[in-house]
Amino acid sequence: MEEKKVGLKKRFSAKRLALIAVFVALSYVVSLFDFPIFPAVPFLKLDFGNVFILLISFLLGPIEGVVVCVLKESLRMIGGTIVGELANMMITCSFILVPAIVYQFKKGLKWVIPCLAVACAIATGVALLTNRFINFPLYMGAGAAAVFAESFWFILAFNLIKTVAISLLTLLLYKRLSNFLKRWKI
């Protein structure tokens, strides 16, 4: 019992909580700079806020990644929509969990890259499901199935592009950030 308390104290130390707060803020602010990549479906907007969620998941662990995701999406709910942000929370969590969990046990690009590829596929599948059964019905009502069918390939391509871009940016930033944080003993 005492070991679990020590583990929680270490997991949520002041330094780590401060780092989590910084990553929530970075993720939130960067997510505000979104833009559509397909004119036919302007509601699908690309942003790079999830780079910071994936980074914190690698740096501190999957629990911290989920915490950052939930807090960022909660902030977005204040000025946005609850439905869209809840769907984005489910998609993002499905994206970060496999690579973050595996990375806790197996480090190195030979493990990270295949896990990110799997994560891209999982998140794209979850995005298709959440759009079909949550977003489209709640936003579009009775015509949701037809609109989803028309948009299917755009949604598929968009989510593949988004997850691959986030994965690549994370890979480019991770080592530098990891070395910086090691110097600070976080």
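Read-outs: derived from the displayed coordinates by stated rules, not from any lab. Since this is a predicted model, take the numbers as computed values, not measurements. Virtual Cβ from ideal backbone geometry, glycine too; neighbours counted across all protein chains shown.
Here is how the numbers come out for the structure above:
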{"read-out": "Proxy reagent accessibility, fewest Cβ within 10 Å first, across 69, 115, 120", "value": "115, 120, 69"}
{"read-out": "Order of 12, 58, 180, 105 under a 10 Å beta carbon neighbour criterion, fewest first", "value": "105, 180, 12, 58"}
{"read-out": "17 Å tail of the calculated P(r), region 8-64, as % of Cα pairs", "value": "47 percent"}
{"read-out": "Among 101, 74, 117 - extreme Cα towards positive end, dipole of the chain, charges at beta-carbon", "value": "101"}
{"read-out": "Neighbour-count ranking [beta-carbon atoms within 10 angstrom, fewest first] of 73, 85, 64", "value": "85, 64, 73"}
{"read-out": "Nearest 10 degrees, 0 to 90: helix 2-11 Cα axis against the chain principal axis", "value": "60 degrees"}
{"read-out": "Rg to Rh quotient for region 58-131, alpha carbon positions, Kirkwood Rh", "value": "1.03"}
{"read-out": "At R0 = 22 Å, FRET efficiency that the Cβ-Cβ distance of residue 86 and residue 164 yields, to 0.05", "value": "0.40"}
{"read-out": "Angstrom value of the Kirkwood radius, inverse mean 1/r, which spans all Cα pairs in the chain", "value": "17.3 Å"}
{"read-out": "Computed label-point distance, nm, for sites residue 43 and residue 138 using a 7 Å Cα→Cβ extension", "value": "1.2 nm"}
{"read-out": "Stretchable slack from residue 34 to residue 109, in nm (0.36 nm times residue separation minus alpha-carbon distance)", "value": "24.1 nm"}
{"read-out": "Region 75-181 - convex hull of the alpha-carbon atoms, volume per residue in Å³", "value": "109 Å³"}
{"read-out": "Percent RCO, i.e. relative contact order, over the chain, from Cα pairs under 8 Å lying at least 6 residues apart", "value": "20 percent"}
{"read-out": "Cα centroid separation - region 56-102 against region 10-42, whole Å", "value": "9 Å"}
{"read-out": "Nearest-20 debye value, the chain charge dipole, Cβ charges on Lys, Arg, Asp, Glu", "value": "1140 debye"}
